[in-house]
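One structure is given here, and the rest of the page talks about it.
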Amino acid sequence: FSFRKLWAFTGPGFLMSIAYLDPGNIESDLQSGAVAGFKLLWVLLLATVIGLLLQRLAARLGVVTGLHLAEVCNRQYHKFPRIILWLMVELAIIGSDMQEVIGSAIAINLLSVGKIPLWGGVLITIADTFVFLFLDKYGLRKLEAFFGFLITIMALTFGYEYITVKPNQQKVLQGLFIPYCKNCGTPQLEQAVGIVGAVIMPHNMYLHSALVKSRQVDRSNKRQVREANKYFFIESCIALFVSFIINIFVVTVFAEAFYNKTNADVNQVCANSSSPHASLFPNNNKTLEVDIYKGGVVLGCYFGPAALYIWAIGILAAGQSSTMTGTYSGQFVMEGFLNLRWSRFARVLLTRSIAVTPTLFVAIFQDVEHLTGMNDFLNVLMSLQLPFALIPVLTFTSLPSVMHDFANGL
């Protein structure tokens, strides 16, 4: 084992792990905490472990074959299944991108104290395309460093919320390692399904298998291939552990502070703290429903304005980073499935337009306070798209004709 070699292979796993920290994930975390308390932490742990195993398979495919998953699908499948797979993956990318762009727009709205409307935040977020192109022009390592910086911001901001709220550590450990959900019903089950859809992203398999190609490996040398697989797996473990800890921060903050709270409870606290957002929560005894926007407002009411702005900065970092990896995914998928050889600028512009257009319509015609249902729907959509990424990954990595000596036994 060499730390120098690990450092040389570090980068793709952290870019991949951004998908585990996008605004859709953060919203799923805070809702599961508010709806089920600490009871669904074990689902988050299990989903992350399964995600790691699948990401490992995707990375192995890229390292061994020198092709990413979309390119292998192009070579192995006939035209009809290939087009169906491409459409399903594009649907997943659009759904994920909608969450990411809306998340960024909500963060900008919170930071501007409501002066920048949702559609204005979406237009600002579209500029990510040009930031992405600018950074990418200076090499992948610079881009990887920038993503590392954004992940650090998320760890610090959500870590601050965790320290401020001080969740019960015994309940955290119990929720993580004892698979139970006492007195759970349909709302908790919906959150459990949403966690799986939010954590295991279908298009992330395609992304990871492409990112590992950025490292030079002599594929005729089995020792080098085996070594690359080992270091990429170690790096993925570290990256997903970091993302898992950040997700734990969010779930436990809302489980500790807002589980079983009613609208009336929050309305009273917000009114006492002179918050301009008290009207968001009707004065009734219905259970509190939160999303990224309301979550920030509630944190501000209970723990001061600093908690709200720090929350918004974390959401903005999550949204900015994940929109760029979503762009990367769209580029690789379109390039691989359709065998397109466009300029990078044209590819990025097209993939961003496909995702941003429906998002802009939602932002114009939907109120910032009423986006929870859309996010729940998109998380369930991700769950439904999973088989269209899992079947190719599991199939190709077990075929000796594709993986040669590195095929899985199962």
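Here are a few things to note about the model shown:
- Between the helical axis of 79-111 and the longest alpha-carbon principal axis of the chain there is an angle of about 40 degrees.
- Taking 4.7 Å between C-beta atoms as the pairing limit, the chain has these partnerless cysteines: CYS73, CYS237.
- Percent of Cα pairs exceeding the 20 Å cut-off, where the set is the range 220-304: 51 percent
- Largest GNM mean-square fluctuation among ILE234, ILE248, ILE26, using the chain with Cα springs under 10 Å: ILE234.
- For the range 59-115 versus the range 302-317, the gap between their alpha-carbon centres in whole angstrom: 28 Å
- Span per principal axis, largest first, for the Cα atoms of the range 189-265 (Å): 66, 20, 18
- Calculated FRET value between CYS237 and TYR180, using beta carbons and R₀ = 22 Å, to 0.05: 0.25
- Between helix 202-211 and the chain: long-axis angle, C-alpha atoms, 0 to 90°, nearest 10: 50 degrees
- Counting every C-alpha pair in the range 142-287, the share spaced more than 24 angstrom apart comes to 55%.
- Using a simple spin-label model with pseudo-atoms 7 Å out from Cα toward Cβ, GLN224 and ILE153 lie 3.8 nm apart.
- Estimated FRET transfer efficiency when R0 is 51 angstrom, pair LEU349-ALA407 (beta carbons, to 0.05): 0.85
- Net charge over other residues, Cβ less than 12 angstrom from the Cβ of VAL402 (K, R count +1; D, E count -1): 0
- Going through (1) 27; (2) 32; (3) 23, the figure that equals percent of Cα pairs over 36 Å apart as computed for the structure here is (3).
- For the range 45-136, the spread of Cα positions along each principal axis, largest first, Å: 51, 34, 27
- Semi-axes of the equivalent ellipsoid for the range 104-226, Cα gyration tensor, largest first, Å: 33, 28, 17
- Cα gyration tensor, the range 1-159 - rounded (a/c under 1.5), prolate or oblate: rounded
- Total formal charge among the other residues, if their Cβ is under 15 angstrom from that of VAL253, Lys/Arg +1 and Asp/Glu -1: -1
- Among VAL193, VAL101, VAL251, the largest mean-square fluctuation in a Gaussian network model of the chain, built with springs joining Cα atoms closer than 10 Å, belongs to VAL193.
Here, each number is a calculation from the coordinates, and none is a lab measurement. Quick caveat: nothing in here was measured; it's all calculated off a predicted structure. Cβ sites come from the backbone with ideal geometry, for glycine too, and all protein chains shown count toward neighbours.
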